[in-house]
Amino acid sequence: MVPDRKAGKESFHFLKKSIYKKILKDDGYFSDIDPLDRMALSEKIQAAEPTAIITDCLSCRLQFQQMLSFPVYHPLEIISRAYDAFQVQR
């Protein structure tokens, strides 16, 4: 379920698992990284100057939001935005 930004905060799109199951997986990568290596990763991200950061890990999202100035999105938020853009084009 992802928010329908056009219809307001109380409306949602329901996505089937077949749409997102291949892109969402919790491999535990970030939690296994030493804290100093996490800082180095953040520095690499900062140096790359991305438009945004995409992660399905809530703890990663919170840490990136605290440490970096880039917007951080969940993959389903990106799918929702693409869906909204597609709907506008139709």
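No value in this document is a laboratory result; all are computed from the given coordinates. All values derive from a computational prediction rather than experimental measurement. Please note: Cβ atoms are built from the backbone with ideal geometry, for glycine as well, and neighbour counts cover all protein chains shown.
Between Ile54 and residues 5 or more places away or on another chain, which pairs have amide H atoms under 5 Å apart, with H built 1.01 Å from N, and which residues are they? Result for Ile54 returns Tyr73. For the stretch 64-82, backbone nitrogen atoms closer than 12 Å to the point 7 Å from Ile45 Cα along Cα-to-C-beta are found at 64-74. Phi-derived couplings, Karplus 6.51 cos²θ - 1.76 cosθ + 1.60 at θ = phi - 60°, listed residue by residue for the stretch 76-84: 5, 5, 5, 4, 4, 5, 5, 4, 4 Hz, with x used for Gly and Pro.
Just want the ordering: Leu76, Leu36, from fewest to most Cβ atoms lying within 10 Å of their own Cβ. Don't skip to the answer; put the middle values down first.
Working: Leu76 18, Leu36 8.
Sorted ascending by nearby Cβ count, the order is Leu36, Leu76.
Taking 0.36 nm per residue of sequence separation and subtracting the Cα-Cα distance, how much length would be gained by fully extending the chain between Ser59 and Asp34, in nm to one decimal?
On the way: separation 25, 0.36 × 25 = 9.00 nm, distance 1.45 nm.
Taking Ser59 through Asp34 to full extension adds about 7.5 nm, to one decimal.
Working note: Karplus 6.51/-1.76/1.60 with θ = phi - 60° gives the stretch 42-47 the couplings 4, 5, 5, 5, 4, 5 Hz, where Gly and Pro are set to x.
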